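Quick notes on the structure that follows.
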Amino acid sequence: QVKLVESGGGLVQAGGSLRLSCAASGVIFGITAMAWYRQAPGKQRELVANILSSGSTNYVDSVKGRFTISRENAKNTVYLQMSSLKPEDTALYYCYIRGRDNYWGQGTQVTVSS
């Protein structure tokens, strides 16, 4: 059973930066998309950014220009570079990989203090 292991979350002041990483514990076949989602307390989980097999990327409007998603295909790893962080970015961040099956990470907490 392949698992996704996230790292890089933490507590940061507003305006700071964090880099999230998500690595698969094994090989995932047929990857068509990698993504980061987040869920804040009392809110629904939302798609933050994704990167497709073509390399194209998409971002939710609230993070455009501040977050960058990237990947290392050989390592089945996806990253989320977050800059100019705001308190409203505080959430539990989950990585997701869509292959022949769907894979979710366990979540990593990002807390931005004002």
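The values are calculated or read from the model by the stated rules, or taken from the named source; none is laboratory data. Please read all numbers here as calculations on a predicted model, not as lab measurements. Quick reminder, even Gly has a Cβ in these numbers, built from the backbone with ideal geometry, and neighbours come from all protein chains shown. We work out accessible area using only protein heavy atoms, side chains counted, and drop any ligands, DNA or RNA first. Shrake-Rupley method; radii C 1.70, N 1.55, O 1.52, S 1.80 Å.
Being within 13 Å of residue 104 (Cα to Cα), out of contact with any Asp or Glu (no Cβ under 7 Å at 6 or more places or on another chain), free of Cβ contacts under 8 Å to residues at least 60 places away in the same chain and outside any strand (DSSP E or B): is that true of residue 1 here?
yes
Working only within region 62-99, note down all residues that are basic (Lys, Arg) and at pLDDT 95 or above.
Matches in region 62-99: 64, 66, 71, 86, 98.
Which residues, taken from region 4-13, are open to solvent by less than 80 Å² (accessible area, probe 1.4 Å) and part of a strand (DSSP E or B)?
Once the filter is applied, which keeps residues that are open to solvent by less than 80 Å² (accessible area, probe 1.4 Å) and part of a strand (DSSP E or B), region 4-13 yields 4, 6, 7, 10, 12.
Which residue is nearest to residue 33 (Cα to Cα), if the candidates are limited to region 91-114 and must be of a type in the set (S, T, N, Q) and within 13 Å of the chain's Cα centre (by Cα)?
106
Please note which strands (runs of 3 or more DSSP E) are completely contained in region 14-114 and include at least 3 residues that are on the phi < 0 side of the Ramachandran plot, in contact (Cβ under 8 Å) with a residue 60 or more places away in the chain and surrounded by fewer than 20 Cβ atoms within 10 Å (Cβ to Cβ).
Details: elements: 18-24, 33-39, 46-52, 57-59, 67-72, 77-82, 91-98, 102-104, 108-113.
By residue number, 108-113.
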